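**Student:** I'd like to ask some things about the structure below.
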Amino acid sequence: ILCNTCIFFQECSKKQKNDDAQSTSVEALSSNDGFEEKNEFHTLADAKILLSDCLACDNCMTSEEGARVFQQNQKELFRILNLNKKCDTSKHKVLAVSICPQSLPYFAAKFNLSVNDAAKRLCGFLKSLGVHYVFDTTIAADFSILESQREFVQRYQRRNQEEHALPMFASACPGWIRYAERVLTNLVTSRICTAKSPQQIMGSLVKGYFARQQNLSPDKIFHVIVAPCYDKKLEALREDFYTALYNSQEVDCVLTSGEIVQIMEQKNVSMKDVTEVAVDSLFDEIKEGDVVRHDGKRSDGYLEHIFKHAAKELFGMDVKEITYKALKNKDFQEVTLEKDGETVLRFAAAYGFRNIQNMVLKLKKGKFLYHFVEVLACPGGCLNGKGQAQTEDGKPDKALLNQMEEVYAAIPVRLPETNMHVQKMYQDWLEGMDSKKVQETLHTKYSAVNQTASNLDIKW
């Protein structure tokens, strides 16, 4: 999330960012300012914003954006819950909560539960508050990965005709996207994969597909995402994720895993005391089964899925296992594919802004050898999101993170190609894989809005 100097459009990026930096707190603005009616949630403390939480930085937000980001707190959820208790049913909302796969290991590790038990107890807790539906966003990541795979193959095939076809950069991390759009040039943004992130595809699924299945107008659904990262709040506000016809965002509110735990603490509820409830599915009355994940150690595994798909589609090679080679540090690793003694694919994973900055500088100098880069703003990847893997003083909780990594690694992997629901939705809802509706629903555009070259001198 973003510091107060960002909010007032000053140069927060000039402050050196390091793990031991002094954190500056800012009182969050409340969406309930002027709302005096007391309710069962009135004791909940206002959220605090820490400078050390800042990922999408460098003159990154207007004051209006800042206010809208800070509205995405627990009080906004409770406002809808209390609205639904009033007699005026015309104002009631269907409350849907979608949970990111990287959040579940946090609840499992924190409360010493299996990941399947954690998912069911979290669902039970949310429904005890008054939430109607609880979904898993893995299906949205299926769509995002499949669209990214196809786009990479197309870009690779056009690489000799289009200057900016390669390298392709992953688009799932909002901190990286905000940095690229506000600080970097079109040299970088033109290379970002156009597939929406899992969060925003889930928004399309809930406000589009699910709303239609339930005969609901999208504005009658209040859609909350539970995520490991504060920057997801900013992503939800993007103008291209808004439907003017219904005056509705695809995602109405993002709460971090830690904010959900704060709600539990306020209500004196322990996860172990909550009744288990099966997670809902987008499809009729079907319930979700055991938790599954994608390839990848700490994220949705774009690198691994795209690498294996490209190896098969472009070179007819079946890659079963991927070998990572760490370069300058453990958060910058590369993967290569060789055929007939020649390196035909070179992929990298770049996590954390220091690695991102080095990567961009090499691209600017024409010394960039990679075809695809999985870019994530958080060192250590999505599991290390600052909305869940931090101690009370804002430092990384390394012991908890190690537990989370063990939990995540033990979750069974499901290939997105094998999800029959996804294949059916491509045909029945999206009108085929190459349709205009696929482009409108599953893709977006990224472009630079602040091309200040000197900003590349930021020290992260």
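**Student:** Determine the alpha carbon to alpha carbon distance for each of 110/362; 220/287; 120/320; 365/445; 220/398 and list only those over 30 Å.
**Tutor:** Beyond 30 Å between Cα atoms: 110/362; 120/320; 220/398.
**Student:** Carbon and sulfur atoms: what percent of the 1.4 Å accessible area of the stretch 109-162 do they account for? Working shown, then result.
**Tutor:** Working: 710 of 1890 Å².
That share works out to 38 percent.
**Student:** Still on this structure, please answer the following. For the stretch 82-157, just say rounded, prolate or oblate: build the C-alpha gyration tensor, square-root its eigenvalues into a ≥ b ≥ c, call rounded for a/c under 1.5, and beyond that prolate if a/b exceeds b/c, oblate if not.
**Tutor:** Note, shape of the stretch 82-157 comes out oblate.
**Student:** Determine the shape class of the stretch 215-350: with a ≥ b ≥ c the square roots of the Cα gyration tensor eigenvalues, call it rounded for a/c under 1.5, and otherwise prolate if a/b is greater than b/c, oblate otherwise.
**Tutor:** prolate
**Student:** What does the C-alpha gyration tensor say about the overall shape of the stretch 318-382? Classify as rounded when a/c is under 1.5, otherwise prolate if a/b is larger than b/c, or oblate.
**Tutor:** Oblate.
**Student:** Okay, next question. Just the ratio, please: alpha-carbon radius of gyration of the stretch 341-448 over 2.2 N^0.38 Å, N its number of residues.
**Tutor:** 1.46
**Student:** By per-residue mean of other Cβ atoms within 10 Å, what is the highest-first order of 345-351, 212-218?
**Tutor:** Going by the mean number of other Cβ atoms within 10 Å, highest first, we get 345-351, 212-218.
**Student:** Same structure again: If you add up the charges near residue 219, with Lys and Arg at +1 and Asp and Glu at -1, over every other residue whose beta carbon is less than 15 angstrom from its beta carbon, what do you get?
**Tutor:** Numbers: positive: 91, 93, 207, 212, 220; negative: 250, 252.
Overall, the nearby charge balance is +3.
**Student:** How much accessible area per residue does the stretch 342-419 have, in Å², with a 1.4 Å probe?
**Tutor:** Spelled out: the 1.4 Å probe surface of the stretch 342-419, per residue, equals 44 Å².
**Student:** OK, next. Determine, for each peptide in 79-85, 194-200, the mean count of other beta carbons within 10 angstrom over its residues, then list the peptides with the highest first.
**Tutor:** 194-200, 79-85
**Student:** Here's something else I'd like to know. Summarise the accessible area of the stretch 336-383 (1.4 Å probe, protein heavy atoms) by the percent that is carbon and sulfur.
**Tutor:** 46
**Student:** Let me ask something additional. Sorted by mean Cβ packing within 10 Å, highest first, what order do the peptides 86-93, 69-76, 436-443 take?
**Tutor:** 69-76, 436-443, 86-93
The values are calculated or read from the model by the stated rules, or taken from the named source; none is laboratory data. It should be emphasised that the depicted structure is a prediction, and the values quoted were computed from it without experimental measurement. Backbone-built Cβ (ideal geometry, glycine too); neighbour counts: all protein chains shown. Accessible surface areas use protein heavy atoms only, side chains included; no ligands, DNA or RNA. Shrake-Rupley method; radii C 1.70, N 1.55, O 1.52, S 1.80 Å.
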